[in-house]
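K.L.:
Before we start, here is the structure in question, set down as C-alpha cells.
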Amino acid sequence: MSFSIGASGTGIGPRRVMEGFGERVDGKAFDWRVVTRLLAYLRPHWQRMAAAFLLMLIASALTLVAPYLIKVAIDQSIAEGDTAGLARIALGLAAVFIGAYLTTAGQQYLLSWVGQRVLATLRTRLFRHLQALPLGYHDTHIVGVTISRVINDVAVINELLSEGLITLVGDVLVLAGVISVMLSMSLRLALLTFCVFPVVLLATYLFARRAQVAFRHTRARIAAVVGDLAEDISGMRVIQAFAQEDVTHERFDEVNQANRDAYIKAMSLSFVFLPSIEFLGMLATGIVLWFGGLAVARGELTLGVMVAFLAYVSRFFQPIQELSQLYTTMQAAMAGGERVLDLLDTRPEIADRPAAVEMPTIAGLVELRHVSFSYRGDTRVLHDVNLVIEPGQTVALVGPTGAGKTSIANLVARFYDVTEGAVLIDGLDVRQVTQHSLRRQMGLVPQEPFLFSGAIADNIRFGRPRAAARAMEEAARLANAHAFITALPDGYATEILEGGVNLSVGQRQLICIARAVLADPRILILDEATSSVDTVTEVLIQDALQRLLAGRTAMVIAHRLSTVRHADLICVVDGGRIVERGRHEELLARGGLYHALYERQFVDLVTT
Ligand SMILES: Nc1ncnc2c1ncn2[C@@H]1O[C@H](COP(=O)(O)OP(=O)(O)O)[C@@H](O)[C@H]1O
Ligand SMILES: [Mg+2]
C-alpha cells in the first residue's frame, strides 16, 4: 500500500515531491532485522543497560511482594492480634516501597543516560552520512523531511531502545509473576479472575491492528509538516513578495490538520482501548470481590488472600496497558528505524573506490573527454563535450542560461560523475582519486554564494580555518572585499545572519571569492562569480583576478565580457555542447553565437 501525503491544492510544496518519492506507511510491526541492527547502538553501553535490567528485576519483584505482605498482615498478625508482627510487616512494606522507589528511579536515570547517548550517536552518524551523500542525493530529497528523519524518527527509535525494551521485559515478568502467584494462592479464584482474559486479548488485538496503521500515518504526516514548514520559512521572501501568505497558510493548514487528524485518530484508539482495559480490570475486581467474598464467608478462603488478590488484579492490568502502549511505540520505532536505516544504507553514488589514490599536487591540466552527462533518468544535459585546459590557462565558458555551463563545472569538481566519457586532471581520471584529496586542491565560487552564520572572517577562513589574520585580509583585498568589510561597524567580526541576508548578493560573492582565494587552490572554478556586483567593482575584481588566476588553472563561467576577454580560450556552450571555441577576437570575427551573445549581453559593459 502506498499512501499519499495530503492532497495539494496548489500543486506546489514538499508533499507533491514526497508522493513522487513514495513515502510509505506500510510495514511490519516488528522486524528483527531492524531491531538487531538498532540494538547494536546499545552495545557500547551494555554495562549500564545490564544495571538497569537488574534494577528492573528488583523493582518487579518488589511489586509482587507487597500484596503478599498485606496478606500475611491480615491473615496472621491482624487475625491473631500480633501487633509486634504487624509492626514488622508494616516496616517491611515501607522498605519494599522505598526499595521500589529507589530502584525505579535508578533504572530510569540509567535508561535516559544511555538513551540520550544513543540518540546523539545516531544523529551524528546520520549527519556524517548525509555529508558523504553526493549532491545528486540532496537534489532529490526534501530538506525538511530529512530533518524529520534525524530529529523525529531517531527520537522514537531511542524510546524503544532505551525505555521500551526494558519495560517490555519488566512487564512480561510482572505479568507472569502475578499470574503464578495468584494461581498458587487460590487456583479457583485465579481461574475465575482470568475469565476476563480472552476479552482483554481480543481488545488488545483489535487495538494493535488498527493502531499500527494509525500511528504510521501520524509519522508520515509529521514529516510532511516539517517539510512544508522548512520550505515555507526559507521561501518567506518570495511568499511575502507575491503576497501569497494566504495560499501558503492554507497549504500549511492542510498538512497541519492532516497531521492533527491522524494523531487524534491514533490517540482516540488509545482513548477507547485504555478505559476498556480499565473497565475489564474493574470487572475482574468485581469477580474477586463476589466469588472471593463468598469463599471467605464459607471459610474456604482467608480474608488476606482475597485482599492480596484485589491488589494483584490491579497490578495485573497495569502491565497490559503499558504493553499495548509500548506496542505503538514499537510501531513508530520500526517505521522510523526502517527509514533511518534506509538512509544509512543509501550508498553514495559517488564514493571513493577501494583503490582510490591520493591526488598528487595538481599541476593543473584539466581534460574532458567525450563527456556526456544526465543528472538523472536519460535527459542528457551534456553531449560529447571535449575540452583541454592546459596548466595555468584560464578558460571561459559562456552561453545562454541552461546551456550546461554549471554542469560542466560540477563534473570537474566531481559533484556528479559523468554518464559517459571521463574527466581527467593531470591525466588522472577523477574517479580514481579520493574526493577529499581532489577537492582540497580545488576552489569553487558557486553561482549562488553561500555564507554560514558567523563572523565574516570565519566565512573567509572556511577553507583554511587556521589562516592568519593577515593572509585572510590579503585574500579579501584581492577579492576587492576589504573596503566594504572594513566599512561595516564590526569589520571582519561582523556577524552574518543565516543565508547572509544582511549583505547584498554582490557582497556575498566578494566574500566567496575571498574564501576561494585564501584556500589557494590549484584549480579555480568561478561560476558567474561576479554576476551580481556592479560593473565598476567587477572591473576592479578583474584586475585582482588577473593576479589571482596567474599560475592556476581556471574555469570561469561568465556572462560579462570583461571576465572573458582575457581568457586563453573561450568556449561557447549551447544545448549541452561546446559549439564555438577560440579567443575573443577570433570569435567576434566569426560572427556566430558568441557574436550574437556579445551584441545582446556584453554590450552594456563596453559602453560603461
Ligand atoms: N541538479 C540538477 N538536476 C537535474 N537537472 C539539472 C540540475 N542542474 C541543472 N539541471 C539541468 O541541466 C541543464 C543545464 O543546466 P546548467 O548546467 O545549470 O546550465 P547553465 O549553468 O549553463 O545555466 C538545464 O537544462 C537544467 O535544467
Ligand atoms: Mg549556471
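K.L.:
Is the range 287-307 home to any residue that is under 30 Å from Ala190 (Cβ atoms), surrounded by 15 or more Cβ atoms within 10 Å (Cβ to Cβ) and without any contact (Cβ under 8 Å) to a residue 12 or more places away in the chain?
P.N.:
The answer is yes, given that some residue of the range 287-307 is under 30 Å from Ala190 (Cβ atoms), surrounded by 15 or more Cβ atoms within 10 Å (Cβ to Cβ) and without any contact (Cβ under 8 Å) to a residue 12 or more places away in the chain.
K.L.:
Same structure again: Checking Arg466 against (1) of a type outside the set (A, V, I, L, M, F, W, C); (2) outside any helix (DSSP H, G or I); (3) buried (at least 18 other Cβ atoms within 10 Å of the Cβ), which single condition isn't satisfied?
P.N.:
It is condition (3) that Arg466 fails.
K.L.:
Give the residue, chosen from Ala422, Ala396, Ala457, that is within 16 Å of ligand 2 (Cβ to nearest atom) and either hydrophobic (A, V, I, L, M, F, W, C) or more than 28 Å from Gly506 (Cβ to Cβ) (or both).
P.N.:
Details: Ala422 fails: within 16 Å of ligand 2 (Cβ to nearest atom); Ala457 fails: within 16 Å of ligand 2 (Cβ to nearest atom).
Answer to the check: Ala396.
K.L.:
Taking the range 566-579, which residues are modelled with pLDDT of 85 or more, farther than 15 Å from Asp384 by Cβ and not aliphatic (A, V, I, L, M)?
P.N.:
Initially, the range 566-579 is screened for residues modelled with pLDDT of 85 or more, giving 567-579.
Now drop any that are not farther than 15 Å from Asp384 by Cβ, which leaves 567-570, 572.
Listed by number, the list holds a single entry, Asp568.
K.L.:
Taking the stated definitions as given, is Arg339 touching a Lys or Arg at 6+ places or on another chain (Cβ under 9 Å), away from ligand 1 (no atom under 15 Å from the Cβ) and among the basic types (Lys, Arg)? I'd like the intermediate steps shown before the answer.
P.N.:
Numbers: touching a Lys or Arg at 6+ places or on another chain (Cβ under 9 Å): yes; away from ligand 1 (no atom under 15 Å from the Cβ): yes; among the basic types (Lys, Arg): yes.
Spelling it out, Arg339 is indeed touching a Lys or Arg at 6+ places or on another chain (Cβ under 9 Å), away from ligand 1 (no atom under 15 Å from the Cβ) and among the basic types (Lys, Arg).
K.L.:
Okay, next question. Please go through the range 505-526 and give me each residue that is among the aliphatic types (A, V, I, L, M), more than 24 Å from Ser234 (Cα to Cα) and more than 16 Å from ligand 1 (Cβ to nearest atom), ordered by number. Steps first, please.
P.N.:
Quick first cut of the range 505-526, residues among the aliphatic types (A, V, I, L, M) only: 505, 510-511, 513-514, 516-519, 523-526.
Those left that are additionally more than 24 Å from Ser234 (Cα to Cα): 513-514, 516-519, 523-526.
Scanning the range 505-526 gives Ile513, Ala514, Ala516, Val517, Leu518, Ala519, Ile523, Leu524.
K.L.:
Being small (Gly, Ala, Ser), more than 16 Å from ligand 1 (Cβ to nearest atom), at pLDDT 90 or above and under 30 Å from His45 (Cα atoms) narrows it down to one residue among Ala176, Ala132, Ala190; which is it?
P.N.:
Numbers: Ala132 fails: at pLDDT 90 or above; Ala190 fails: under 30 Å from His45 (Cα atoms).
Exactly one of Ala176, Ala132, Ala190 is small (Gly, Ala, Ser), more than 16 Å from ligand 1 (Cβ to nearest atom), at pLDDT 90 or above and under 30 Å from His45 (Cα atoms), namely Ala176.
K.L.:
Okay, moving on. Could you say which residue among Ala90, Ala105, Ala79, Ala66 is assigned by TED's automatic domain parsing to the domain that holds Glu322 and under 42 Å from the mean Cα position of the chain (by Cα)? Give the steps one after another, and end with the answer.
P.N.:
On the way: Ala90 fails: under 42 Å from the mean Cα position of the chain (by Cα); Ala79 fails: under 42 Å from the mean Cα position of the chain (by Cα); Ala66 fails: under 42 Å from the mean Cα position of the chain (by Cα).
Among Ala90, Ala105, Ala79, Ala66, only Ala105 is assigned by TED's automatic domain parsing to the domain that holds Glu322 and under 42 Å from the mean Cα position of the chain (by Cα).
K.L.:
So Leu310 ticks every box in (1) more than 30 Å from Ser437 (Cβ to Cβ); (2) within 24 Å of the chain's Cα centre (by Cα) but one. Which box is left unticked?
P.N.:
(2)
K.L.:
For the range 214-321, list the helices (runs of 4 or more DSSP H) that sit wholly inside it and hold at least 3 residues that are at pLDDT 90 or above; which are they?
P.N.:
Ranges flagged: 245-287, 293-297.
Quick grid of which residues meet (1) of a type in the set (D, E, K, R); (2) out of contact with any Gly (no Cβ under 7 Å at 6 or more places or on another chain); (3) closer than 16 Å to Ile147 by Cα:
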{"site": "Val200", "(1), (2), (3)": "no, yes, no"}
{"site": "Val225", "(1), (2), (3)": "no, yes, yes"}
{"site": "Arg237", "(1), (2), (3)": "yes, yes, no"}
{"site": "Thr248", "(1), (2), (3)": "no, yes, no"}
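K.L.:
Still on this structure: Anything in the range 418-437 that is surrounded by fewer than 17 Cβ atoms within 10 Å (Cβ to Cβ) and within 15 Å of ligand 1 (Cβ to nearest atom)? List them, or say none.
P.N.:
Thr419 - this is the single residue of the range 418-437 that is surrounded by fewer than 17 Cβ atoms within 10 Å (Cβ to Cβ) and within 15 Å of ligand 1 (Cβ to nearest atom).
K.L.:
Please work out which residue is surrounded by the fewest Cβ atoms within 10 Å (Cβ to Cβ), limiting yourself to the range 399-417 and to residues that are more than 13 Å from ligand 2 (Cβ to nearest atom) and among the charged types (D, E, K, R).
P.N.:
Asp417
K.L.:
So, one more: Checking the structure you have, find out if any residue of the range 126-147 is surrounded by fewer than 17 Cβ atoms within 10 Å (Cβ to Cβ), over 21 Å from the mean Cα position of the chain (by Cα), in the same structural domain as Val307 (by TED's automatic domain parsing) and part of a helix (DSSP H, G or I).
P.N.:
Scanning the range 126-147 turns up no residue that is surrounded by fewer than 17 Cβ atoms within 10 Å (Cβ to Cβ), over 21 Å from the mean Cα position of the chain (by Cα), in the same structural domain as Val307 (by TED's automatic domain parsing) and part of a helix (DSSP H, G or I).
A quick yes/no check of all residues on (1) more than 16 Å from ligand 1 (Cβ to nearest atom); (2) at pLDDT 90 or above:
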residue: Leu503; (1), (2): yes, no
residue: Glu528; (1), (2): no, no
residue: Glu538; (1), (2): yes, no
residue: Leu545; (1), (2): yes, no
residue: Ile557; (1), (2): no, yes
residue: Val564; (1), (2): no, no
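K.L.:
Answer yes if at least one residue in the range 357-380 is at pLDDT 90 or above and in a helix (DSSP H, G or I), and no otherwise.
P.N.:
No.
K.L.:
For the range 507-530, give me the residue count where each residue is hydroxyl-bearing (Ser, Thr, Tyr) and either away from ligand 2 (no atom under 16 Å from the Cβ) or assigned by TED's automatic domain parsing to the domain that holds Gly491 (or both). Before you say what the answer is, go through the steps one by one.
P.N.:
Initial filter on the range 507-530 (hydroxyl-bearing (Ser, Thr, Tyr)): 530.
Restricting the remaining residues to those that are either away from ligand 2 (no atom under 16 Å from the Cβ) or assigned by TED's automatic domain parsing to the domain that holds Gly491 (or both) gives none.
Residues in the range 507-530 being hydroxyl-bearing (Ser, Thr, Tyr) and either away from ligand 2 (no atom under 16 Å from the Cβ) or assigned by TED's automatic domain parsing to the domain that holds Gly491 (or both): 0 in total.
K.L.:
Something else: Test Arg88 against the stated conditions and say whether it is among the charged types (D, E, K, R), more than 25 Å from Leu310 (Cβ to Cβ) and part of a helix (DSSP H, G or I). Steps first, please.
P.N.:
Working: among the charged types (D, E, K, R): yes; more than 25 Å from Leu310 (Cβ to Cβ): no; part of a helix (DSSP H, G or I): yes.
Judged against the criteria, Arg88 is not a match.
K.L.:
I've got another one for you. Scan the range 501-554 for residues that are crowded, with 20+ Cβ neighbours inside 10 Å and basic (Lys, Arg) and jot them down.
P.N.:
Answer for the range 501-554, where residues must be crowded, with 20+ Cβ neighbours inside 10 Å and basic (Lys, Arg): Arg508, Arg515, Arg522.
K.L.:
Related question: Looking for something within 9 Å of ligand 1 (Cβ to nearest atom), over 22 Å from Ala351 (Cβ atoms) and surrounded by 21 or more Cβ atoms within 10 Å (Cβ to Cβ) - is there at least one such residue anywhere in the range 384-396? Spell out the reasoning first.
P.N.:
Filtering the range 384-396 down to residues within 9 Å of ligand 1 (Cβ to nearest atom) leaves none.
Checked against the condition, which is being within 9 Å of ligand 1 (Cβ to nearest atom), over 22 Å from Ala351 (Cβ atoms) and surrounded by 21 or more Cβ atoms within 10 Å (Cβ to Cβ), the range 384-396 yields no hits at all.
K.L.:
Go over the candidates Glu250, Glu254 one by one and state the one that is touching a residue at least 12 places away in the same chain (Cβ under 8 Å), surrounded by fewer than 17 Cβ atoms within 10 Å (Cβ to Cβ) and either in contact with a helix residue (DSSP H, G or I) (Cβ under 6 Å, 6 or more places away or on another chain) or not hydrophobic (A, V, I, L, M, F, W, C) (or both). Show your work before the answer.
P.N.:
On the way: Glu254 fails: surrounded by fewer than 17 Cβ atoms within 10 Å (Cβ to Cβ).
Testing whether each residue is touching a residue at least 12 places away in the same chain (Cβ under 8 Å), surrounded by fewer than 17 Cβ atoms within 10 Å (Cβ to Cβ) and either in contact with a helix residue (DSSP H, G or I) (Cβ under 6 Å, 6 or more places away or on another chain) or not hydrophobic (A, V, I, L, M, F, W, C) (or both) leaves just Glu250.
The values are calculated or read from the model by the stated rules, or taken from the named source; none is laboratory data. Here the structure is a predicted model, which means the values were calculated and not measured. Ideal geometry is used to build each Cβ from the backbone, glycine not excepted, and the neighbour counts take in all protein chains shown.
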